[in-house]
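Sending over a structure as structure tokens; questions will come in a sec.
The values are calculated or read from the model by the stated rules, or taken from the named source; none is laboratory data. Remember, predicted model here, so these are calculated numbers, not experimental data. Every residue, glycine among them, receives a Cβ derived from its backbone with ideal geometry; neighbour counts consider all protein chains shown.
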Amino acid sequence: MLDNTTSPTPRDQLLGKRVDVLDQGWIELQDVMGDDLAIVNAARVSFLGESKGPDRDKKLLFYLLQHRHTSPFEQVEFKFRCHAPLVTWWQWVRHRTWHVNAQSGRYTPFEENDYYTPGTWRLQARDNKQASEGELDETAARALTDKLLAHYERSFALYQEALEAGVAREMARLFLPGFAVYYTWVLKVDAHNLMHFLRLRMASDAQHEIRVYAWAIYEHFFKPALPWTAEAFETFIMPGLGPLPE
Ligand SMILES: Cc1cc2nc3c(=O)[nH]c(=O)nc-3n(C[C@H](O)[C@H](O)[C@H](O)COP(=O)(O)OP(=O)(O)OC[C@H]3O[C@@H](n4cnc5c(N)ncnc54)[C@H](O)[C@@H]3O)c2cc1C
């Protein structure tokens, strides 16, 4: 009798996987097209050739990334669904090579408590105007968080009051605490441009609220989907990757 059972591929295991990020955020893999071999085969099309066995294939992939032959890496695509606060999106959408579609506050009313509440309050860095360093002490942090939550509650009450007065959703949302509001997006990017994003946004000078998403993508999706590419990335593009941010 024929055995029709096949063991799941790494792609099968990754599809639909969701990872929690920040207090209420998440990112899940909706689709992935291609793997390390697709990159190698795209490069070999120049000679109308294909795989030459794992050792030579991996060596070629490393050569490609080391010498920035980037177009074969564009043959692999990732599609994510992601829930992140606006403070994260604001920076993410600057990466023009991503294809994005977003939830609209004009169609769907926002939900109560779908706001980002930080676990700690980072302090303004002294030497770098764009960065933070250290944290507010615990007592002061708790008091500030209480104020933030009261602010969210008041904002949402005003939002609802405007909706109940018949104001359009597109205007009532002016009352919401802008940067803290969580939005859901669908995003697609190829592996070359994803590596560019990861290099900038996993770096220690990136803001924590985008850094944790970049790391989640790298650890949970990029590395398992493209193990050779991830190894080459850590060798040539981002050597000395530090530990995951807390
Ligand atoms: C730590 C940090 C701090 C930042 N601070 C600021 C800030 O203070 N203010 C601010 O405005 N931005 C800031 N940015 C955003 C930054 O300037 C870039 O907009 C963002 O990182 C996206 O990078 P990118 O354009 O290379 O990526 P993508 O838009 O994904 O583009 C990838 C590459 O494609 C090419 N490309 C894409 N579109 C074009 C185009 N239209 N023309 C020519 N080439 C193109 C470029 O080579 C580009 O590098 C910051 C980014 C980081 C990481």
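Can you pull out the residues in the stretch 78-94 that are of a type in the set (A, V, I, L, M, F, W, C), farther than 19 Å from Asp23 by Cα and within 13 Å of the ligand (Cβ to nearest atom)?
The answer is Val93, and nothing else.
Related question: Find the residue count for the stretch 90-104, including only residues that are surrounded by 12 or more Cβ atoms within 10 Å (Cβ to Cβ) and either assigned to a strand (DSSP E or B) or touching a residue at least 60 places away in the same chain (Cβ under 8 Å) (or both).
Going through the stretch 90-104 one residue at a time, the tally reaches 10.
Would you list the helices (runs of 4 or more DSSP H) that sit entirely within the stretch 138-229 and hold 1 or more residues that are of a type outside the set (Val, Ile, Thr), within 25 Å of Ser104 (Cα to Cα) and not assigned by TED's automatic domain parsing to the domain that holds Arg56?
Values: elements: 138-164, 169-172, 191-201, 208-217.
Fully inside the stretch 138-229 and qualifying: 138-164, 169-172.
Another question, then. Tally the residues that are of a type in the set (A, V, I, L, M, F, W, C) and near the ligand (Cβ under 7 Å from one of its atoms), restricting the search to the stretch 204-217.
From the stretch 204-217, those of a type in the set (A, V, I, L, M, F, W, C) are 206, 210, 212, 214-217; that's our starting set.
Subset that is near the ligand (Cβ under 7 Å from one of its atoms): 206.
Total satisfying the criteria: 1.
Oh, and also: Can you name every residue in the stretch 161-193 that is under 30 Å from Leu226 (Cβ atoms) and more than 16 Å from the ligand (Cβ to nearest atom)? I'd like the intermediate steps shown before the answer.
Residues of the stretch 161-193 that are under 30 Å from Leu226 (Cβ atoms), as a first pass: 182-193.
Within the stretch 161-193, Tyr182, Tyr183, Thr184, Val186 qualify.
Filter the stretch 24-68 for residues that are more than 21 Å from Phe221 (Cα to Cα) and among the charged types (D, E, K, R) and give the result. Give the derivation first.
Of the residues in the stretch 24-68, the ones more than 21 Å from Phe221 (Cα to Cα) are 41-57, 59-60, 63-64, 66-68.
If the condition is that a residue be more than 21 Å from Phe221 (Cα to Cα) and among the charged types (D, E, K, R), then Arg44, Glu50, Lys52, Asp55, Arg56, Asp57, Lys59, Arg68 are the ones that fit.
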